[in-house]
Amino acid sequence: MRALLMSLCLASASVCFNAAAGPGAHGPNGEHLDAPSGSATAGGLGRLPDGSLNVPKSAQRRLGVRTLMAPESEAAASLELPGRVIAHPNASGQVQSVHGGRVEAGPKGLPLPGQPVKKGEVLAYVKHHADPYAVGAQQAQLAELRAQRELATQRLRRLEELAGSVPRKEIDAARSEAQALTERERLIATSLNQREVLLAPLSGVVARNHVAVGQVVEAGGLLMEIVDPGRLLIEATHTDPSLAARIAGAQLVLANAGGAGIDLKLIGAARALRDGVLPLSFALQTQDAGLALGQPVSVLVRLNESAKGIVLPAESLVRSANGEAVVWIKTGAERFLPQPVQARALDARTVLVTQGLAADNRVVVQGAALLNQIR
């Protein structure tokens, strides 16, 4: 009975000491006295005070956690370059007005962005509006030409009635003068109501439309852009003039492609700086990649050089709370530890860890993102 009472008193004292312990207090065996009751130290799923995870076997199966002991090997060195989607200069065109004026809809109305068009198709009209003084001068000139044309026509008729007594050359000269005045009158009358026809410069789709019906545009203003979506280019930038000679291949990674990459072909490397960088032009190896003009992208460039490290699936690499790249290592049957690493992308699906891992580490290659969310 005395032994039972003593044990109860000791337990009560321990509870009181834990309750009064401040943040960060430790017990005689190094345990965290301020840890909440029912934490992962009791064998449940959760994050331990040292940052590691306690994940029971049943939870590992539910999360689909898979591990791998990856040996150190050599892989092709790679770089990740920033880039953007641009139009092919031979598969894109601009629609502009030469003189400016008020926009009028074409036979099918104004085209919408994304609408397919054919080369030579009428997209819109631009009606020129001159100042009132110029219009008045043209109208006065038109009236004068109309009077001259009527006089010339009457003179021609009189000469034709006297065909036998008037030299033939006078009749021909009068006819030529009447025809010339008629043509001048027609041209000036047409110029008063002239409309500039805007035609599609090539077959493709309307990438941008900057006009509306009734809008007044200036001469040389960009009204529409036509592109061929099957011939887009990727322009990446860098600062190393020797990089183009060391490229063995390249891939474009799309977030909506499930990690799959699109092969690229290097078609040109600039030799002049533009805003402090050198552009590289790549052609897409697929016809329709679902890209948009100006879209920012990342280009993974594979070099004809090798680097040592541990090759892992790209999903093994996650970010810690402070933004550091980490992988999860399995240190026990139910314990996982985050390990900071340095890695570079090899392609759309794999990365090369160059620092932070050893060949005897068992790395989580599936389910790392789910482990990283456990708190």
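The values are calculated or read from the model by the stated rules, or taken from the named source; none is laboratory data. Computed from a predicted structure; not experimentally measured. No Cβ is skipped: glycine too gets one built from the backbone with ideal geometry, and neighbour counts run over all protein chains shown. Heads up: the accessible areas ignore ligands, DNA and RNA and are worked out on the full protein's heavy atoms, side chains in. Shrake-Rupley method; radii C 1.70, N 1.55, O 1.52, S 1.80 Å.
Rg and Dmax over the alpha-carbon atoms of the stretch 132-192 stand at 14.3, 50 Å.
Solvent-accessible surface of protein heavy atoms, probed at 1.4 angstrom with all chains present, puts Ile234, Ile374 in the order Ile374, Ile234, largest first. For Lys308, the aspartates and glutamates whose Cα falls under 20 Å of its own Cα, not counting residues fewer than eight places away in the same chain, are Glu72, Glu74, Glu80, Asp347, Asp360.
Computed from the C-beta positions of Lys57 and Ser320 and an R0 of 30 Å, the FRET efficiency is 0.75 to the nearest 0.05.
Would you mind calculating the relative contact order of the stretch 77-162 from Cα pairs under 8 angstrom and at least 6 residues apart, reporting the percent as a whole number?
Details: 37 pairs, mean separation 21.1, N = 86.
RCO, the stretch 77-162: 25 percent.
Full extension of the chain between Ala283 and Val311 gives 7.3 nm of extra length, using 0.36 nm per residue less the Cα-Cα distance.
Counting only protein heavy atoms and a 1.4 Å probe, the stretch 191-316 has 51 square angstrom of accessible area per residue.
Considering Cα pairs under 8 angstrom that are at least six residues apart, work out the relative contact order of the stretch 132-192 and quote it in whole percent. Don't skip to the answer; put the middle values down first.
On the way: 33 pairs, mean separation 28.9, N = 61.
Across the stretch 132-192, relative contact order equals 47 percent.
In this rough spin-label picture, where each label sits 7 Å from Cα along the Cβ direction, the Asn304-Gln342 distance is 2.7 nm. Arg195 sits among other residues whose Cβ lies under 10 Å from its own Cβ, and their net charge, with Lys and Arg +1 and Asp and Glu -1, is 0.
In the stretch 195-321, what is the volume of the convex hull around the alpha carbon atoms, normalised per residue and reported in Å³?
Details: hull volume 26.9 nm³, N = 127.
Each residue corresponds to 212 Å³ of Cα convex hull volume.
Roughly speaking, what is the stretch gain from Arg168 to Ala189, that is 0.36 nm per residue apart minus the C-alpha to C-alpha distance, in nm to one decimal? Please report the intermediate quantities before stating the final value.
Values: separation 21, 0.36 × 21 = 7.56 nm, distance 3.19 nm.
That works out to 4.4 nm of additional length.
Pulled fully out, how much extra length does the chain show between Gln138 and Arg208, if you take 0.36 nm times their separation in residues and subtract their Cα-Cα distance? Numbers along the way, then the final one.
Numbers: separation 70, 0.36 × 70 = 25.20 nm, distance 3.69 nm.
That pair, Gln138 and Arg208, stretches by 21.5 nm at full extension.
Counting only protein heavy atoms and a 1.4 Å probe, tell me what percentage of the stretch 219-364's accessible area is made up of carbon and sulfur. The computed percentage sits at 47. Of all aspartates and glutamates in the structure, those lying under 18 Å Cα to Cα from Lys57, and not within fewer than 8 positions of it along the same chain, are Glu334. Working note: Debye formula, equal point scatterers on the alpha-carbon atoms of the stretch 293-332, no solvent; log10 I(q)/I(0) at q = 0.16, 0.29, 0.35 Å⁻¹ is -0.73, -1.09, -1.14.
So which lysines pass the test for Lys108, namely a Cα distance under 19 Å, with those fewer than 8 places away in the same chain ruled out? Hits, sequence-local ones excluded: Lys118, Lys119, Lys127. Distance between the modelled labels on Gln295 and Arg335, one decimal in nanometres: 4.7 nm (7 Å Cα→Cβ projection).
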